[in-house]
Structure formats: structure tokens, C-alpha cells
1. Does anyone have the angle between helix B:9-30 and the longest principal axis of chain B? Alpha-carbon axes, 0 to 90°, nearest 10?
2. Enter the per residue convex hull volume of chain B, computed from alpha-carbon coordinates, in Å³ rounded to the nearest integer.
3. What figure, in Å² to the nearest 10, do you get for the accessible area of A:Cys26 with a 1.4 Å probe and non-protein molecules left out?
4. Structure shown: which of A:Lys139/A:Lys162; A:Lys78/B:Lys134; B:Lys58/B:Lys120; B:Lys104/B:Lys130 lie over 24 Å apart, alpha-carbon to alpha-carbon?
5. Averaging over every viewing direction, what projected area does the convex hull of the Cα atoms of chain A cover, in nm²?
6. What Kirkwood hydrodynamic radius, in Å, does region A:47-108 give when the mean of 1/r is taken over all pairs of distinct Cα atoms and then inverted?
7. Give me the Å³ per residue figure for the convex hull around the C-alpha atoms of the protein assembly as shown.
8. Tell me which residues come under 5 Å, amide H to amide H, from A:Arg115 once H is placed; ignore anything under 5 positions away on its chain.
Amino acid sequence: MIIDKNGKLFGKISIIDIVIIILVICCGVAAYLRFSGHLGNNDSNRVNATYEITVQPVRAISVDAIKKSVGLKLYDRKTSAQDCIGTITNVEQTPYDDVIALADGTYKNAVSDTRYSVKITVNCECTLSDTTLSTPEGKLIELGQTEYIGSKWFASEGEITKVSFE
Amino acid sequence: MEKKSKFTVFDVIVIILIVAIIGGGAYYFLRNKASKGNEEKNIYFTVEVSAKDEAYAKLLSEGKTVTVSGGGTAKIVSVEAKDAVGFSKDTVSGKFIEAPIPGKYDVYVTVYGAATENEKDISIGNAQVKVGAKLSLEGSGFTVNGPVVEMHYESEGK
């Protein structure tokens, strides 16, 4: 008999032990695939992505803190983990402008001389699949998405206004 | 008679599993807290307390010690009160305007304190000091809240 009356295979190893050994091996393989990056390479690619986050309106006094962050890592402040979502490569400021709905029902484009739009360029090694572009930690990079971001020097809310990758 | 081993293969595997789960959990929770060379730095930062009564400006004064968002302590080095100004849209002229708010003051409280710096944050106690982040300053008889509008190292000047 292959399995005896005590449930042992060839009278030596318990079937339960074998099941647990298989389970442990599966967990190990899954962990290896998850953390080695091999899992993602089956149907997706690593790409060098550049995206732009626009923060506005910002006062001149606060623009400096964002400019100080060039070369530093940017973090996702939406989650408690605060994963790194890239490195800030450039910061540009332009006068803040927006469309104002007038009392007579028309619209007018207005430009502020005391507030600024700050465009933060971020570079990140991302994972590209058929349907998503995401950071190694799984954060989706999507045009139009509102993000809560921060570096060592600033914390802010901004919108992703440009995405490109190669 | 064959002596029975105390530990079976089953026991060993269960122990490995428990260690793996604990290790995985510890890795998950601690990876973001792992600091790469925390460094002590003295910093100045300014908190904007918007549109408050004059009493706030009078209560806050230089030299007072404050607790920063329930964490570490710091010292007020300057208090500046300006007429409060609101940023709004004029729907008649179609322009952005900065309109004064009658009877209210924007109070700028500059604080000096010892901070801990790492790659991710500059913190006083548990409070992350960043331009744009809201902090509270708690002192004797007052608590004020507002965003940090400016910050710099002591080495960069007062």
C-alpha cells in the first residue's frame, strides 16, 4: 500500500507533512517572484517614465520649498506607507491662471500676480503593462489623477498633468 | 525501544511558518520607518494662522515654548500680525483679488527647534515639518493651527 492505515506514505512520511511542505515551497516561490520582480516581467516592462505634477495656487514664499526639493525623492502621502514615487528632476513656476465664471454668465481667463502654478517634473522607473503604468510599489501613474505628495521640504496636493515614458 | 523525537517535521515547518510570518510582518511595518542615518538639525519654520482676532497676536509672543502637534517642543522666535487678506475671484471684473478681511489678522509665528532629519522627513518629535503641512502649536493658554509657509536650517540664517 502506498498510504498505510496511519495516513503515512510508504509508512514513513505523513500526508499532512507533505501537504505542508508543498505549501511552504509555494509560499517561498510566491515570495521570491513577488520581490524579485520576475512576476512583473512576464506581461509587463520596466520603463523610464517622466511625469509632471501641477500644484496651484502657490504663494511665492512657498515656491522656494518646492524648488529646494529638486534632486530629492518624492513620496506618496495618500497612504500610510508613503512609498517613494520617483525623483524630482525639475521645478518650474508660472503665474497662476484660471477661468473665472462672471456674474453675467460669461467666462474670462484670469492671471494672478501673487500666486503661482508650480510644475514638478518627476522621474521614475515604472512598470508598464497593457493597461497600467505604475511605480515598483504599485502606485498607478495616471494623467488627471490628484495626488497627495511630499518631499523632505514640502507637502501638497497636485494633479498629474503630463505623463511620458520610453 | 526507539526513542521518540520531541520535534517532528510538522513542528519544524510550523515554526518556520511562524518565523516567516513574523519576519514578513516586521519587514512590512518597519521598512518605512527604517531611517537612513537620522541627523539632528536646528530649524526655523513659520506657521501661518489665518484670519484670527487680534487677541491671538497678543497672546503669542517671542520666547514662549510650544509643543509642535503634540510632539516635541520648540521656541517662538517671532510673531508678526498682518491685516488678514483673502484670495478670491472677482466675478464682475474677472480678476483674482486679494481682499482685506475686516477686523481679522494673519499671524505668522516663526518657531525655532531641534529637528531630526532623514531622507524623507524633517521632524520635531513625531510632527513632520514641511511647507504646506498643517501643524498645531500648543502653548500656555493657547493652541493655534495652520500650514507651514516657510522653513529652513539654522545654518541658512535666521
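The values are calculated or read from the model by the stated rules, or taken from the named source; none is laboratory data. Predicted model only: the values in this text are computed from it and were never measured. As a convention, Cβ positions derive from the backbone with ideal geometry for all residues, glycine included, and neighbour counts pool all protein chains shown. Each accessible area value is taken on the protein alone, full model and side chains, heavy atoms only, with ligands, DNA and RNA left out. Shrake-Rupley method; radii C 1.70, N 1.55, O 1.52, S 1.80 Å.
1. 10 degrees
2. Values: hull volume 32.1 nm³, N = 158.
It comes to 203 Å³ per residue, whole-number rounded.
3. My reading of the accessible area for A:Cys26 is about 80 Å².
4. Pairs exceeding the cut-off: B:Lys58/B:Lys120; B:Lys104/B:Lys130.
5. Values: hull surface 66.0 nm².
Mean shadow area of the hull around the Cα atoms is 16.5 nm².
6. With all distinct Cα pairs of region A:47-108 included, I get 14.4 Å.
7. Output value, Cα hull per residue: 234 Å³.
8. So A:Arg115 has HN proximity to A:Tyr96.
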